[in-house]
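Taking it in order: structure first as structure tokens, then the write-up.
The values are calculated or read from the model by the stated rules, or taken from the named source; none is laboratory data. Computed from a predicted structure; not experimentally measured. We place every Cβ from the backbone using ideal geometry, glycine too, and count neighbours over all the protein chains shown. Each accessible area value is taken on the protein alone, full model and side chains, heavy atoms only, with ligands, DNA and RNA left out. Shrake-Rupley method; radii C 1.70, N 1.55, O 1.52, S 1.80 Å.
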Amino acid sequence: LVDARDLGAWAVDVARARTTGAYVATGPAGQVTFGGMLAAAAAAAGTSPEVTWVDDEWLVEQGVTPWSELPLWLPPSAAPYPWDQDTTAAERAGLRCRPVAESARDTLEWLRAGGADESAEPRTGKAGLDPDREKELLAAWRARQG
């Protein structure tokens, strides 16, 4: 997870410095987990959502589309360790990432100021589970858990 502002600033800096090479330019490994990202978003919104963790492969079996129906989610079978990338080379080349809580707060302010596509559905935008599908999946998961 990397804030586009940080990635953009770094891209300009390395271009000006004529730095070349291949880099993994995501947020630093260990900076945040998926759960930490969700917590930062909830804190920015001033909410306390109930988070239900479900098995990745169960979601695959249910036909949930990685990345689009569940933004930022990839099952391990598709991309092992997507949230644990070695960004050492990019950091040595100057990549600096702001805290995820700051990105979450600023993104919410941008959305509230009209930064999103006006045709997007307010809760999920163009990505995300349809609320009825989410309810169905949660009911099925809870029934499975007994």
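The table below gives the values:
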{"item": "Karplus 3J(HN,Hα) series, Hz, for segment 55-64 with 6.51 cos²θ - 1.76 cosθ + 1.60 (x for Gly, Pro)", "result": "5, 4, 5, 5, 4, 4, 4, 7, x, 6"}
{"item": "Distance between modelled label sites at ALA79 and ASP106, nm, 7 Å Cα→Cβ extension", "result": "2.2 nm"}
{"item": "Charge tally in the Cβ shell below 13 Å around PHE34, where Lys, Arg are +1 and Asp, Glu are -1, PHE34 excluded", "result": "-2"}
{"item": "Förster-model FRET efficiency, 25 Å R0, GLN62 and ASP6, C-beta, rounded to 0.05", "result": "0.15"}
{"item": "Where segment 1-106 is the region considered: accessible area per residue in Å², 1.4 Å probe", "result": "62 Å²"}
{"item": "Max mean-square fluctuation residue, GNM over the chain, Cα-Cα springs under 10 Å, options GLU136, GLU102, GLU91", "result": "GLU136"}
{"item": "Distant-in-sequence amide H partners of ARG98 (H built 1.01 Å from N, under 5 Å)", "result": "ASP3"}
{"item": "Sequence-separation-based contact order of segment 1-78, relative, with Cα cut under 8 Å and 6+ spacing, percent", "result": "19 percent"}
{"item": "For ALA116, distant residues with modelled amide H under 5 Å away", "result": "none"}
{"item": "The chain, accessible surface, carbon-and-sulfur percent (1.4 angstrom probe)", "result": "55 percent"}
{"item": "Three semi-axes of the equivalent ellipsoid, segment 1-62, Cα gyration tensor, whole Å, largest first", "result": "33, 17, 9"}
{"item": "Surrounding net charge for THR19, when Lys and Arg each add one and Asp and Glu each subtract one, Cβ distance under 11 Å", "result": "+2"}
{"item": "Enclosed volume per residue, in Å³, of the convex hull spanned by Cα atoms of the chain", "result": "134 Å³"}
